[in-house]
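What follows is a short report on a single structure.
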Amino acid sequence: MQLRDIVPWGRSFGEYRAMFALTGADLSGRILGCADGPASFNAEATARGADVVSVDPIYALAAEDIERRIAAVRPEIEAGLHAHRERFVWTHFDGVDELVAARLDSMARFLLDYPGPGASPRYRAARLPDLPFSDGAFDLALVSHLLFSYSDHLDANAHRRAAAELMRVAREVRIFPLVDLQARPSPHLELVCATADAAGRQHRIDPVDYEFQRGGNRMLRLMPPA
Ligand SMILES: C[S@@+](CC[C@H](N)C(=O)[O-])C[C@H]1O[C@@H](n2cnc3c(N)ncnc32)[C@H](O)[C@@H]1O
């Protein structure tokens, strides 16, 4: 898919759990959902007792404005899915209509939970590479469908700085997927791994039990030294 901008489009808790292979132990720590946008991960994880803070520039907007932006990008996303059906694995979803309905459900769940700019410590308006958190504030930071996905929109330096900032605020960082919007391996993966190595972290690529973009079934883990 070719998208002009980085779009607000949101996935569910179940998808996050699969994309990041989240265990009960992972979910018992302090979690940062970076670039969560209109995903329902925070709402659903919080309902299960998890401690999650989401950070995204769209949280500077009121819920109605986010809803309007979702409605505005939906036609472009639907058209891209129809035009490139062969780039996706249709096992979780039967087709484009079912997928879009599931995404809209997740985003409706988010919109019900989201109280507007500055109204909840669970939703913070900020953007990489400058996050408003102290060093080591989180046990785990999750980044779904921003880094690597938008390799054409965010250059190598943006990826390097984002990785460094995420490692500053979290003990472990997980990023999914490792392919760009056209399902090509991201050209920035090597640099992000090298950034972790230089910071004294271990990096590891794990296969996960989730594949929607063909070939997009691996996550990167940036972990503390052994
Ligand atoms: C495709 S959405 C992914 C939403 C969610 N993570 C998911 O997978 O369902 C990409 C999100 O990245 C956010 N974003 C764009 N630039 C960002 C930045 N520099 N730092 C953090 N988030 C950013 C957008 O506002 C948008 O909500």
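Restricting to segment 116-142, and then to whatever is within 23 Å of Met19 (Cα to Cα) and in a strand (DSSP E or B), can you tell me which residue is farthest from the ligand (Cβ to nearest atom)?
Among them, the one singled out is Asp139.
Do we find a residue being touching a His at 6+ places or on another chain (Cβ under 8 Å) and more than 29 Å from His159 (Cα to Cα) anywhere in segment 86-97? Steps first, answer last, please.
In the first step, residues of segment 86-97 are kept if they are touching a His at 6+ places or on another chain (Cβ under 8 Å); the result is 96.
If we keep only those that are more than 29 Å from His159 (Cα to Cα) as well, we get 96.
Yes: one or more hits.
Under the condition of being touching a residue at least 24 places away in the same chain (Cβ under 8 Å) and among the acidic types (Asp, Glu), which residue from segment 16-53 is nearest to the ligand (Cβ to nearest atom)?
Asp36
Of (1) acidic (Asp, Glu); (2) more than 10 Å from the ligand (Cβ to nearest atom); (3) at pLDDT 95 or above, Glu76 satisfies all except one. Which?
Status for Glu76: all satisfied but (3).
Kindly indicate whether Glu172 is of a type in the set (D, E, K, R), more than 13 Å from the ligand (Cβ to nearest atom) and not in a strand (DSSP E or B). Give the derivation first.
Details: of a type in the set (D, E, K, R): yes; more than 13 Å from the ligand (Cβ to nearest atom): yes; not in a strand (DSSP E or B): no.
In short, no.
Residues of segment 190-200 being part of a loop (DSSP other than H, G, I, E, B) and surrounded by 18 or more Cβ atoms within 10 Å (Cβ to Cβ), which ones?
Those that are part of a loop (DSSP other than H, G, I, E, B) and surrounded by 18 or more Cβ atoms within 10 Å (Cβ to Cβ): none in segment 190-200.
With within 12 Å of the ligand (Cβ to nearest atom), farther than 25 Å from Arg103 by Cβ and crowded, with 16+ Cβ neighbours inside 10 Å as the only criterion, which of His145, His203, His159 stands out?
On the way: His145 fails: farther than 25 Å from Arg103 by Cβ; His203 fails: within 12 Å of the ligand (Cβ to nearest atom).
Residue meeting the stated conditions: His159.
Got a sec? Which of Ile58, Ile77 is in contact with an Asp or Glu (Cβ under 9 Å, 6 or more places away or on another chain) and in contact (Cβ under 8 Å) with a residue 12 or more places away in the chain? If you could, list the steps in order and put the result at the bottom.
Details: Ile77 fails: in contact with an Asp or Glu (Cβ under 9 Å, 6 or more places away or on another chain).
Criteria check complete, one pass: Ile58.
The values are calculated or read from the model by the stated rules, or taken from the named source; none is laboratory data. Note that the coordinates shown come from a computational prediction; the quantities given were computed from them, not determined experimentally. Every residue, glycine as well, gets a Cβ built from its backbone with ideal geometry; the counts of neighbours run over all protein chains shown.
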